[in-house]
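One structure is given below, encoded as structure tokens.
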Amino acid sequence: MKSVIQIKGVRKSFGKNEVLKGVSLDVKTGEVVVILGPSGSGKTTLLRCVNFLENADDGELTIGELSVRFRYAGKKDILTVRRRTAMVFQNYNLFSNKTAAENVMEGLVTARKVPAAEARERAERELAKVGLGGKRDAYPSQLSGGQQQRVAIARAVALNPEVILFDEPTSALDPELVGEVLAVMRAVAREGITMVVVTHEMSFAHDIANHVVFMDDGLVVEEGAPKEIFFHPKEERTKQFLDRIQLKYDYSI
Amino acid sequence: MTFDSVYVWVSLKAALRCLHVTLLLSIVSLVLGMVLGTPLALCRKFRVRFAAQAADVLIPVLKGIPLVLYVLILNFAILKPLDALAESCAWADKLRLMDKIYIGLAALSAYSAVIVSETMRSALNSVPEGQYEACFSVGLTRGQALRRVIMPQALAFAVPVLCNNFIGLIKGSSIVYVIEILDVLGGAMASAQVSYRFLEAYIAAALVYWVLCAGAGRGSKILEKRFAGR
């Protein structure tokens, strides 16, 4: 299968603290990759390095036919990568001065020069798909956390990116709102959209992922099919983590 | 001499004849302050080389100088070089009678640029970092992000403070009487030169400034409501 994104040897330090110590990742077309790991293991930083929200110190990124060294990426490369990817944030980060529909349209109209009428049509279609067709004129402050995150997913999907990066999309939500967001993410996965998801939702990882990556202390400890990782982890570190998580939340896997 | 309200009325009429000068001074300096101050704030926010460093040093210094000194310093800084010219061309009279409103405008605008740049800087800092990241993640450039998302939100934060800045400029503009510009205060005082009714004249001027500031305050409330509608 063709690779959408390949990352090789990413390194990133914040001051003296080395957060990523040479991480490589290969994401294939249509795949759902879930990155697991304890907090502080560098999962989020890895995701943010992919679309240059953090500037990695070293490593290489290949997206389609474009290959860039993180350290030497120019403004144009960064913009190209950002226009081929989309991101869903932990804190939603909807544009608070724009309505739900305008949030979805913004990247289409301003960044990709899609005609406004067409963008509006696409925005309405995507909002309907996440079950918010009636909320297109609502401002983010008028929506619940779960609704905001669903708008954010619609905003990402509407851009028709080669990959959507999810950065702990359910971590900031009230427990009873997690389900609606996961359901939308499942629907997105079923459409065959390539996703890289950082999450603590084990059931989602188990049911939806094609590929699970376990990270700890800035390195990939183990990766493979979800069945392998969840039922036959090879590394002691992975076992410990899974035991802790599963005891804590009592997931039936 | 007892207080005589008739003279308040006389001075009030004199002050109102000069109302346009006060309005011109405060509105033009607010607008110029925004035009000059906003780019200054952006330079500091995004650490534009040289401009940011220069602003970091200059703005705290300029913020510490009272408005009356802006007026006096600019008055001499602008007039002194003209003196020599006037002497050689026999313009002495022209210079003496020159309309000094341009000096007042320059002083108030410089002062306003400093104040407004601080207002805009804190407004820009009030927009969460996540808003920039969201812009970048959908592929907007920094300029597009500023125009479409960041500045509209920063302005909403800035409106009440800008209105306060404007009220400060209306009242501050009265200081131009030291270089003999006939604004509301100057007009009221001029009317008292004949009658020596200074207390009445000051009270008349105070009334006019109070009404202007109250009006600006009302305007602020309306603008705030419009921006808070989302």
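The values are calculated or read from the model by the stated rules, or taken from the named source; none is laboratory data. Please read these numbers as outputs of a predicted model, since none were measured by experiment. Cβ atoms come from the backbone with ideal geometry, glycine included; neighbour counts cover every protein chain shown. For the accessible areas, the whole protein counts, side chains as well, though only heavy atoms, and no ligand, DNA or RNA atoms are used. Shrake-Rupley method; radii C 1.70, N 1.55, O 1.52, S 1.80 Å.
Quick look at the numbers
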item	result
Accessible surface ranking that places the most exposed of B:Met120, A:Met1, A:Met105 first, with a 1.4 angstrom probe	A:Met1, A:Met105, B:Met120
Value of Rg/Rh across region A:1-153 [Cα atoms, Kirkwood radius]	1.01
Lys/Arg +1, Asp/Glu -1 at C-beta; the protein assembly as shown dipole; positive extreme among A:His206, B:Cys43, B:Leu79	B:Leu79
Per residue accessible area of region B:28-167, 1.4 Å probe, in Å²	50
Cβ-based charge dipole, the protein assembly as shown, positive-most Cα from B:Val178, B:Tyr202, B:Ser191	B:Ser191
Accessible-area ranking of A:Met87, B:Met34, largest first, probe 1.4 Å	B:Met34, A:Met87
Reach of A:Lys21 by Cα under 23 Å, taken over lysines that are not fewer than 8 positions away in the same chain	A:Lys8, A:Lys12, A:Lys43, A:Lys234, A:Lys239
Total charge dipole magnitude, chain B, about the Cα centre, Cβ charges on Lys, Arg, Asp, Glu only, Debye to nearest 20	840
Rule-of-thumb Rg ratio for region A:20-95 [Cα; 2.2 N^0.38 Å; N residues]	1.13
Radius 14 Å from Cβ of A:Val196, net charge of other residues (Lys, Arg +1; Asp, Glu -1)	-2
Against the rule of thumb 2.2 N^0.38 Å, how large the Cα Rg of region B:28-167 comes out	1.35
Cα centroid of region B:32-73 to Cα centroid of region B:203-230, whole Å	26
Cα-centre dipole for region B:150-230 with unit charges at Cβ (Lys and Arg positive, Asp and Glu negative), debye to 20	480
Chain A, helix-only ellipticity at 222 nm - DSSP H runs n ≥ 4, -39,500 (n - 2.57), divided by all residues, nearest 500	-11500 deg cm²/dmol
Packing rank of A:134-142, A:33-41, where each peptide gets the mean count of other beta carbons within 10 Å, highest leading	A:33-41, A:134-142
Rounded to 5, the percent of DSSP beta bridges in chain A classed as antiparallel	60
Charge dipole magnitude, Cβ of K and R +1, D and E -1 - region A:144-253, Cα centre, debye nearest 20	240
Sequence of B:Tyr132, B:Tyr102, B:Tyr202, B:Tyr7 when ordered by accessible area, the most exposed leading, probe 1.4 angstrom	B:Tyr102, B:Tyr202, B:Tyr7, B:Tyr132
Tilt relative to chain B, helix B:5-17 - C-alpha long axis, 0 to 90 degrees, to 10	60
Dimensionless Rg over Rh [the protein assembly as shown; C-alpha; Kirkwood]	1.16
Dipole of region B:67-221, positive end: most advanced residue of B:Asn164, B:Ala134, B:Gln153 [Cβ charges, Cα centre]	B:Ala134
Angle between chain A longest axis and helix A:236-249 axis [Cα atoms, degrees, rounded to 10]	50
0 to 90° range, to nearest 10: angle between helix B:151-172 axis and chain B longest Cα axis	10
Rel. contact order, % - alpha carbon contacts under 8 angstrom, at least six apart, region B:28-167	37
Cα gyration tensor shape of region B:1-107, rounded if a/c is under 1.5, else prolate or oblate by comparing a/b with b/c	oblate
